[in-house]
1. So what is the relative contact order of chain B, in percent, for Cα pairs below 8 Å that sit 6 or more residues apart?
2. Please report B:Tyr316, B:Tyr21 as a ranked list, fewest other C-beta atoms within 10 angstrom at the top and most at the bottom.
3. Would you kindly derive the ³J(HN,Hα) couplings of the stretch B:100-105 from the backbone phi angles with the Karplus curve 6.51 cos²θ - 1.76 cosθ + 1.60 (θ = phi - 60°), listing them in order in whole Hz, with x for Gly and Pro?
4. Out of A:Asn126, A:Leu151, A:Thr106, whose Cα points farthest toward the positive end of the dipole of the stretch A:91-182 (charges: +1 Lys, Arg; -1 Asp, Glu; placed on Cβ)?
5. What are the ³J(HN,Hα) values, in whole Hz, obtained from phi via the Karplus relation 6.51 cos²θ - 1.76 cosθ + 1.60 with θ = phi - 60°, for each residue of the stretch A:168-182 in sequence order, with x given for Gly and Pro?
6. Using Cβ contacts closer than 10 Å as the measure, can you line up A:Cys67, A:Cys113 from fewest to most?
7. For the stretch A:21-56 and the stretch A:127-182, compute the distance between their C-alpha centroids and round to whole Å.
8. Can you list the residues, at least 5 places off or on another chain, whose amide H is less than 5 Å from the amide H of A:Gly12, using H built in the peptide plane?
Amino acid sequence: MAHVETAPQLYGIMAEFETPEQLIEAAERTRAAGYKKFDCYTPFPIHGLVEAMGVEEAKVPWTVFICGLFGAIAFFSLQVYTSVIDYPLNVGGRDFLSWPYFIPITFEGMVLCAAFGAFIGMLAYNGLPAPYHPVFNVPQFARASTDRFFLCIEAKDPNFDRNRVYEFLQSLNPLSISEVEA
Amino acid sequence: MQEAIKPKVQEFPLFEGQQTYERITDQIARIPENPHPPAWTVMFGIGAVGTLMLITSLVWLLIVGLGIWGINQPVAWGFAIINFVWWIGIGHAGTLISAILLLLRQAWRMSINRFAEAMTIFAVMCAGLFPLFHTGRPWVAYWLFPLPNWLAMWPQFRSPLEWDVFAVSTYFTVSVLFWYMGLIPDLATMRDRAKSTLAKVIHGILSWGWRGSAVHWLRYEQAYLLLAGLSTPLVLSVHSIVSLDFAISIVPGWHVTIFPPYFVAGAIFSGFAMVLTLVIPFRILYPGLREYITMNHIDWMAKVMLATGWIVFYGYLSEMFFGWYSANQFEQFLVVNRFFGPYWLAYWALIFCNGVVPQLLWIPKIRHNLLLLFIISIIVNIGMWFERFVIVVISLHRDFLTSAWGQYAPTIWDWSLYLGTIGFFIMMMFLFARFVPMLAIAELKDIWHRLYHGHGGHNGHAGKHAPAPAPTGKGGES
């Protein structure tokens, strides 16, 4: 808790909390204090936290929907092209466009593409893989994946002022406050 | 999200002993971190020997050809398809636990989903081998995919066998994605705990630099829930399509409409049996797991087995009914041939293993006796294998014309390949236990927080700490 000294580059200031409830409250108050660029770090998903932070998005669901739609159309078209246009084959007198027979593979293609959409979409929107991130410079952060809950106000926030942020975080009653070097 | 199950939670605790976030992490993460117990080496060795047998069987198969197997006309499917359906059915319980129970908001799945998903992946690996090598020329298996090739031919998309290719490969891919996505936060935990640089680097790469940001968790949960939503119809479709391999034909005993639901129920039945077969010894090998896979979990799994066992048994009864009601002499003959034909032993073994033995699970004392439960689960596994034997062999060996009747007997190579896949499965399960957190750490902490530790806000319910510990080991009460 030494007073702020001149660091070469500052990513933000981070506070450590003991329980998820404290973190939710802290996030609510951070948002109410007018900070926009801040993030919370938790060992498991905490329900109510993103709401407290004021984050709302549905990019992943939309990506999954579009990928699923693409998969269904692509796999159905593939079967129609191969079985009707490119190499029509008479199987037991069925129509060449015997579409009910194409549904199982259409469905599987939909699921396959949608699943890749969910997996890759989640990673891509999260900016992962991220080989380096400043938050890992904080020694206490090693427990962020075990049993500690962190809130970091980032230096790029328009309201960011080192001393004011410091005082504000202290008012949240955290276990510790650390500067995050970029 | 867990509102519905909250009142029950005090009565049926999901955790034993006093838990903290740190304890949950430590109990699970230290298993791969610490040296393995001696029993691990023994089991891994058994698995490795089985894997060598598998490799030998496959190499010999490639050198000589399919003639080393017992298949011939009229029973051309034999062990390959029996084992394929058996393994893929086992895999289905993993998806059921991870996806369907998630959608049904069953909090108890959190303790077993990672484990069961791993089981799914390895079981599907074993399953995939059989049809691949049953094609006779596995080196041109890519013909099954719609790739432009020098034959200028496309796959036959109207065939359920072709649907199988897409269903099983999609199922495997999606299962791996689902499993791996669940692992990412836990691998990050392993990375943060790692002492050696090598372990840090490996876990760092595998966890993609996961840092647990709240916004990341939001997207992660959205993706996870959607994957569960996609896997649920997927798993139903996979075994339905497997059953259509049979049901679309006109072979007596196969051409029945009950096949898809009956196969799916059978898959879940055998899969839960396999989960129990694995969980019970793993709890002994790693006592730390007992705090998370409690007697309540085991009890519930046994109940699911009992319920799905009845659905399967209903399937057997309706097959008899179909045989009679069809007024078709071939269908009627099939039923009689099952009862009293040359393979009567397989049929009655099936009825005994899947119909009679699981009824013991009505008795709570038996559901809490790990040894008996272990034995019952093995019997169910055997019974489900006989079910596929009955379906494949009895229907094929005597169909329409008596001149085309024949007999089927597996050869030593059939057995060595089958036992080899079991060895491979054991080896993979023990490797999994050695290197990967066996239970989903983040999900367990989440559920523990929500059920027992939450206070204030949207989590306003009693119980700051885990309830009084239930008796451990054998005879935990419910």
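1. On the way: 658 pairs, mean separation 155.4, N = 478.
Relative contact order, chain B: 33 percent.
2. Working: B:Tyr316 18, B:Tyr21 23.
Neighbour counts put them in this order, fewest first: B:Tyr316, B:Tyr21.
3. Going residue by residue, I get 5, 5, 5, 5, 7, 6 Hz, with x marking Gly and Pro.
4. A:Thr106
5. With the stated coefficients, the stretch A:168-182 comes to 4, 5, 4, 5, 7, 6, x, 6, 7, 10, 9, 8, 9, 7, 6 Hz.
6. Values: A:Cys67 20, A:Cys113 23.
Lowest count first: A:Cys67, A:Cys113.
7. 13 Å
8. Residues meeting the amide H criterion: A:Ala155, A:Val180.
Read-outs throughout are calculated quantities, based only on the coordinates presented, and are distinct from any laboratory measurement. The structure presented is a predicted model; accordingly, all values stated were derived computationally and were not measured. Cβ coordinates were reconstructed from backbone atoms using ideal geometry, including for glycine residues, and neighbour counts include every protein chain displayed.
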